[in-house]
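Colleague: The structure under discussion is supplied below as structure tokens; questions concerning it will follow.
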């Protein structure tokens, strides 16, 4: 999953949740969510380690609407900051 991109598509506040079993520390490249029709545009999840409230993660990274279980998911990139391109000559 390291190079995978996850898409959480919800409607009316209901999402399919990813089960992260005990001992799993998964990783993905990027993750996006939207809650149709309130949020019609895809939103990038900020970089960080996510999980349910049972996983031990804290603050904004607790997403009981997206995850269940005690494992975690690390998102390593996001679309909040565009990449920097350097040209060296």
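Values quoted throughout were computed directly from the atomic coordinates according to the rules given, and no laboratory measurement underlies them. Quick caveat, the model's predicted, so the values are computed rather than measured. Reconstructed Cβ throughout: ideal geometry from the backbone, glycine too, with neighbour counts over all protein chains shown.
Colleague: Does residue 21 count as in contact with a helix residue (DSSP H, G or I) (Cβ under 8 Å, 6 or more places away or on another chain) and closer than 17 Å to residue 6 by Cβ?
Modeller: Criteria not met by residue 21.
Colleague: Being within 15 Å of the chain's Cα centre (by Cα), without any contact (Cβ under 8 Å) to a residue 24 or more places away in the chain and farther than 21 Å from residue 77 by Cα is the requirement here; does residue 56 meet it?
Modeller: Considered against the rule, which asks whether it is within 15 Å of the chain's Cα centre (by Cα), without any contact (Cβ under 8 Å) to a residue 24 or more places away in the chain and farther than 21 Å from residue 77 by Cα, residue 56 comes out as no.
Yes or no, residue by residue, for (1) out of contact with any strand residue (DSSP E or B) (no Cβ under 8 Å at 6 or more places or on another chain); (2) loosely packed, with under 15 Cβ neighbours inside 10 Å; (3) under 23 Å from residue 12 (Cα atoms):
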| position | (1), (2), (3) |
| --- | --- |
| 27 | no, yes, no |
| 32 | no, no, yes |
| 53 | no, yes, yes |
| 60 | no, yes, yes |
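Colleague: Take residue 12 and decide whether it is on the phi > 0 side of the Ramachandran plot and exposed (fewer than 11 other Cβ atoms within 10 Å of the Cβ).
Modeller: So residue 12 passes the test.
Colleague: Spot the failing condition for residue 72; the list is (1) exposed (fewer than 13 other Cβ atoms within 10 Å of the Cβ); (2) over 21 Å from residue 13 (Cβ atoms), and only one is missed.
Modeller: (1)
Colleague: Additional query: Which numbered condition in (1) more than 20 Å from residue 14 (Cα to Cα); (2) out of contact with any helix residue (DSSP H, G or I) (no Cβ under 9 Å at 6 or more places or on another chain) is the only one that residue 65 fails?
Modeller: For residue 65, the exception is condition (1).
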